[in-house]
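Pasting a structure here, questions to come.
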Amino acid sequence: MHSIPSQVWAFRLSALSAIRGLTLISPNPYPYSFYMKVLVIGGGGREHALVWKLRQSPRVTEIVCAPGNGGISADATCVSVDQKKLDSMVELAEKVHPDITVVGPELPLQLGVVDEFNRRGWPVFGPTRAAAQLETSKSFAKEFMQRHRIPTAHYAICTSQADVKAALSRFSAPVVVKADGLAAGKGVVMCKAKDEAMTAAVEMLSGKMVGEAGARVVIEECLQGDEISFLVLSDGERVAALVAAQDHKRVDDGDTGPNTGGMGAYSFPALLDEQMTQWLLHHVAQPVVDGMKAEGAEYKGILYCGLMMTARGPMVLEFNCRFGDPETQPILMRMDSDLLEAIEASIEGRVSDGDFRWSSDATVCVVMASGGYPGTIAVGKQITGIDDAQKVSGVKVFHAGTSARDGSYYTSGGRVLGVTARAPDLKSAVDRAYEATAKIRFDGVHYRTDIAARALNTIKK
Ligand code: AMP
Ligand code: GLY
């Protein structure tokens, strides 16, 4: 059915015999395919990185990405899908017949795409709707953390103005107000004063700010420290850590301006040492997976733990039930092992420490955004210089919001490109990323010039 790339012949026999041996010990409930057609759902920079990495697997013969974007169409067959409709994703899979489906964004997970595909016996990577509540309901996540003694900020859950008033009397400013549901990055307000918090909470509860997602709000103490994105792969029982990354959430240099989906991220070995990685596995990731299993909602897939490293120790700010964007770009660029194998290990319940091999290189992703992002933006601006940027050593330009027309790329979203560089040390990775970024142009372009700057300063001291 699929054509076989020549480089895979060499180890085909040994791999097949190893697998035959394994099935005696651990029977696989899914029909086994060695060569895989993969369906990736989503169309941002994270999905471009997933497609790019999956293409490196000698077992992947074809990738379909839905909906994908202009840049992804150079690496995969892009087809349209309505990610807000479960039926649309099921119909697509019926047509495409993927051997495995990888879900990028949170919305399809909230809709239950994994439950639906599982029901039909289709291999799919990610948590079920019930397990995804760790991201889709902040009040669920906070109460879950309290039940399982996972370190997090003090909080109160409110459903009325009277609740908010009572809760605020127990907090001191500054405080953080969060909408309970998914709000595309617009559901968290940092408030310097309590009256500001009251206004934000009331606006959320009224439905004006983020609709239904604000029907419940969480009031939280404001934590101070460095943020880290710590991701693990889970098979419902075991976890394996990915290398950590740091995101840059605010739109402007020096962490100023409004919060965004992420303006850049980097990863390098010194970001999280082995001792802290083990601590986080034992005190955060494993208790989450154990707790979800005990509560009847087994957690499979990527568990993204957003952490604040405070003076009281690491505290969970949020969970995401998927790969982060833009963290995935620098994380996957450091992955030397086969992503497909890790995904299969999660689906088939055999995650182990050995699922990943990582490079000791540093990686840096600079997000190039449309002017006005995260507010109102203009689209359709022609982008030039991508080929030149990719001539810089170690650089790959991931597309987040682009469309392709007549051999050119045009902007089509808030975050447009993720210029990602790999180098033996952080300083060189930063230099390469910015050398490449400077070659790309489009009207109104905005990017931060200080991605990884704080880490570089710390190294110098
Ligand atoms: P969340 O979606 O909950 O991760 O919040 C988005 C961003 O808001 C986080 O990445 C932090 O930068 C900030 N944030 C959230 N909760 C807190 C908190 N309790 N203290 C300080 N900053 C926070
Ligand atoms: N970069 C943060 C997120 O993916 O939610």
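Just checking, how many residues over segment 430-449 are among the aliphatic types (A, V, I, L, M) and open to solvent by 20 Å² or more (accessible area, probe 1.4 Å)?
Residues of segment 430-449 that are among the aliphatic types (A, V, I, L, M), as a first pass: 430, 433, 436, 438, 440, 445.
Now narrow it down to the ones that are open to solvent by 20 Å² or more (accessible area, probe 1.4 Å): 438, 445.
Summing the residues that are among the aliphatic types (A, V, I, L, M) and open to solvent by 20 Å² or more (accessible area, probe 1.4 Å) in segment 430-449 gives 2.
So in segment 149-161, with the set limited to residues that are part of a loop (DSSP other than H, G, I, E, B) and within 24 Å of the chain's Cα centre (by Cα), which one is nearest to Leu223 (Cα to Cα)?
Looking at the filtered set, the residue picked out is Ala153.
Restricting attention to segment 168-209, and to residues there that are among the polar types (S, T, N, Q) and away from ligand 1 (no atom under 15 Å from the Cβ), which single residue is farthest from the chain's Cα centre (by Cα)?
Ser169
Also: Any chance you could count how many residues in segment 353-374 are farther than 28 Å from Glu341 by Cα and assigned to a loop (DSSP other than H, G, I, E, B)?
Here the count works out to 5.
Do we find that Thr136 is more than 16 Å from ligand 1 (Cβ to nearest atom), within 18 Å of the chain's Cα centre (by Cα) and open to solvent by less than 20 Å² (accessible area, probe 1.4 Å) in this structure?
No: the conditions fail for Thr136.
Now for a separate question. Consider Val397 carefully, then state whether it is within 14 Å of ligand 2 (Cβ to nearest atom), aliphatic (A, V, I, L, M) and either within 30 Å of Glu143 (Cβ to Cβ) or touching a residue at least 60 places away in the same chain (Cβ under 8 Å) (or both).
On the way: within 14 Å of ligand 2 (Cβ to nearest atom): no; aliphatic (A, V, I, L, M): yes; either within 30 Å of Glu143 (Cβ to Cβ) or touching a residue at least 60 places away in the same chain (Cβ under 8 Å) (or both): yes.
It is false that Val397 is within 14 Å of ligand 2 (Cβ to nearest atom), aliphatic (A, V, I, L, M) and either within 30 Å of Glu143 (Cβ to Cβ) or touching a residue at least 60 places away in the same chain (Cβ under 8 Å) (or both).
Run Asp255 past the list (1) charged (D, E, K, R); (2) away from ligand 1 (no atom under 16 Å from the Cβ); (3) in contact with an Asp or Glu (Cβ under 9 Å, 6 or more places away or on another chain); (4) free of Cβ contacts under 8 Å to residues at least 12 places away in the same chain and report the number of the one that doesn't hold.
For Asp255, the exception is condition (2).
Looking at Val251 and the list (1) under 24 Å from Ile451 (Cα atoms); (2) in a strand (DSSP E or B); (3) within 16 Å of ligand 2 (Cβ to nearest atom); (4) in contact with a Leu (Cβ under 9 Å, 6 or more places away or on another chain), which single condition is not satisfied?
Val251 satisfies every listed condition except (4).
Considering each of Glu143, Glu94 in turn, give the residue that is open to solvent by 40 Å² or more (accessible area, probe 1.4 Å), under 30 Å from Ile219 (Cβ atoms), of a type in the set (Asp, Glu) and more than 16 Å from ligand 2 (Cβ to nearest atom).
Working: Glu94 fails: under 30 Å from Ile219 (Cβ atoms).
Residue meeting the stated conditions: Glu143.
A further question follows. Filter segment 292-327 for residues that are more than 16 Å from ligand 1 (Cβ to nearest atom) and open to solvent by less than 10 Å² (accessible area, probe 1.4 Å) and give the result.
Matches in segment 292-327: Met292, Tyr299, Gly301.
Would you pick out the residues in segment 396-425 that are touching an Asp or Glu at 6+ places or on another chain (Cβ under 9 Å) and open to solvent by 20 Å² or more (accessible area, probe 1.4 Å)?
Ala400, Arg415, Arg422, Pro424, Asp425
Okay, next question. Got a number for residues in segment 162-180 being open to solvent by 40 Å² or more (accessible area, probe 1.4 Å) and either charged (D, E, K, R) or assigned to a helix (DSSP H, G or I) (or both)?
5
Taking the options Thr101, Thr77, Thr159, name whichever one is polar (S, T, N, Q), surrounded by 23 or more Cβ atoms within 10 Å (Cβ to Cβ) and either farther than 28 Å from Pro314 by Cα or within 16 Å of ligand 1 (Cβ to nearest atom) (or both).
Thr101 is the lone residue from the list that is polar (S, T, N, Q), surrounded by 23 or more Cβ atoms within 10 Å (Cβ to Cβ) and either farther than 28 Å from Pro314 by Cα or within 16 Å of ligand 1 (Cβ to nearest atom) (or both).
Please state which of the following conditions Val243 fails to meet, knowing it meets all the rest: (1) within 16 Å of ligand 2 (Cβ to nearest atom); (2) of a type outside the set (Phe, Trp, Tyr); (3) open to solvent by less than 60 Å² (accessible area, probe 1.4 Å); (4) closer than 16 Å to Glu318 by Cα.
Of (1) within 16 Å of ligand 2 (Cβ to nearest atom); (2) of a type outside the set (Phe, Trp, Tyr); (3) open to solvent by less than 60 Å² (accessible area, probe 1.4 Å); (4) closer than 16 Å to Glu318 by Cα, only one is false for Val243: (4).
Counting just the residues of segment 181-218 that are assigned to a loop (DSSP other than H, G, I, E, B) and more than 16 Å from ligand 2 (Cβ to nearest atom), which one comes out nearest to Ser139 (Cα to Cα)?
Looking at residues that are assigned to a loop (DSSP other than H, G, I, E, B) and more than 16 Å from ligand 2 (Cβ to nearest atom), I get Arg216.
The values are calculated or read from the model by the stated rules, or taken from the named source; none is laboratory data. The structure displayed is predicted, hence computed values, not measured ones. Glycine also receives a Cβ, built like all others from the backbone with ideal geometry; neighbour counts cover every protein chain displayed. These area figures cover heavy atoms from the full protein model, side chains too; ligands, DNA and RNA do not enter into them. Shrake-Rupley method; radii C 1.70, N 1.55, O 1.52, S 1.80 Å.
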